[in-house]
Amino acid sequence: MASFRTLQDSNRRKTIGLLLGFGALLWVVSYSAMSYFGATGIGVIPIAVAISLISVWGSFYASDRLVLTMTGARVIQESDNPKLFDLVQEVCLASGLPMPKVAIVVDQAPNAFATGRDPEHALIAFTTGILDAMDRDELQGVVAHEMAHVANRDTLVSAVAATTAGAIALISDFLMRILWFGGRRSQNNSNPLALILSFVVILLAPLAAMLLKSAISRKRESLADATAVQFTRNPTGLRKALEVLARDSTVVQQRSTAVAHIWIESPLDAKAVSKLFSTHPPIEERIATLRKLESGGL
């Protein structure tokens, strides 16, 4: 079995490919949309490239602010919750990571997330519900899980995935509305096959973006659990934390599909019709894996 370090290095390499993949998908959507609605010539290509670059790099630099807005999280100071800051600092010392910003989401559902483009710009957030529901060891496991996402650069990919997938969905939805209500104005000598392919891309791109985002999240959640145990040397704390989440049936109020994948427990997966659309591995599987770690089975 590969070591955690090997898996982390592989995760970082895949991050570059994933960023390029989302950029390419957005480029395809932009290019197909412009082609479908009559734009022709070599000038269409740089315009589509510009749209994709602006979206990907915009989400890269503004990821933490975007996620804060979408989740309703509020950054706090150490004086607001000294015990929580002590826990975060403890995990930072164990992991060798810099201290992130800490935020609170006023919500009775127990949950947490991490965001930020790199460890120097990281932020971890906790709902008021998770702070009330968990004891110190359980909360330490949650902190370690979120800091693992920071260490593995999952926060960057998650933010880019959320904003780019959202941009693709908005563009496709906008163009489908134009198509439905206004039709295509420029019919000229267009290639029928090209028009059909462009229409298919516009129609299916949001689904492709959602599937890609979900696949990314499922794989990275499992690695974050394992890395968290590496930080704390205490699989029991995280396992008990996940059991608390499994028993609780409440979900966060800010359960937008755009950011569902960043929470430690997805507020949407219970409604997913297929594992393909789930952003997290089943929580029971994660608990079982941690039990094996407790008994030395992995």
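All of (1) assigned to a helix (DSSP H, G or I); (2) under 17 Å from the mean Cα position of the chain (by Cα) hold for A94 with one exception: (2). Among the criteria (1) buried (at least 22 other Cβ atoms within 10 Å of the Cβ); (2) of a type in the set (S, T, Y); (3) more than 21 Å from I287 (Cβ to Cβ), the one T127 does not fulfil is (3). Take the stretch 88-114 and flag every residue that is under 22 Å from L245 (Cβ atoms), surrounded by fewer than 18 Cβ atoms within 10 Å (Cβ to Cβ) and not aliphatic (A, V, I, L, M). Across the stretch 88-114, the qualifying residues are E90, Q108. The single residue among Q89, Q140, Q77 that is closer than 25 Å to V251 by Cβ and not small (G, A, S) turns out to be Q140.
Please determine, by comparing only the residues of the stretch 65-87 that are within 21 Å of the chain's Cα centre (by Cα), under 15 Å from A112 (Cβ atoms) and crowded, with 18+ Cβ neighbours inside 10 Å, which one is modelled with the lowest pLDDT. Once the filter is applied, the top-ranked residue is V67. For K275, the test of being over 26 Å from L131 (Cβ atoms), at pLDDT 80 or above and among the basic types (K, R) is failed. For the residues S256, S266, the requirement of being in contact with a helix residue (DSSP H, G or I) (Cβ under 8 Å, 6 or more places away or on another chain), modelled with pLDDT under 60 and small (G, A, S) singles out S256.
Exactly one residue among A109, A114 is in contact with a Pro (Cβ under 8 Å, 6 or more places away or on another chain), part of a strand (DSSP E or B), hydrophobic (A, V, I, L, M, F, W, C) and modelled with pLDDT under 95, and that residue is A114. Do we find a residue being surrounded by fewer than 24 Cβ atoms within 10 Å (Cβ to Cβ), at pLDDT below 85 and either within 19 Å of T127 (Cα to Cα) or touching a strand residue (DSSP E or B) at 6+ places or on another chain (Cβ under 8 Å) (or both) anywhere in the stretch 225-246? No, there is no match, as no residue in the stretch 225-246 is surrounded by fewer than 24 Cβ atoms within 10 Å (Cβ to Cβ), at pLDDT below 85 and either within 19 Å of T127 (Cα to Cα) or touching a strand residue (DSSP E or B) at 6+ places or on another chain (Cβ under 8 Å) (or both).
The values are calculated or read from the model by the stated rules, or taken from the named source; none is laboratory data. Just so it is clear, the structure is predicted and the values come from calculations on it, not from any experiment. Please note: Cβ atoms are built from the backbone with ideal geometry, for glycine as well, and neighbour counts cover all protein chains shown.
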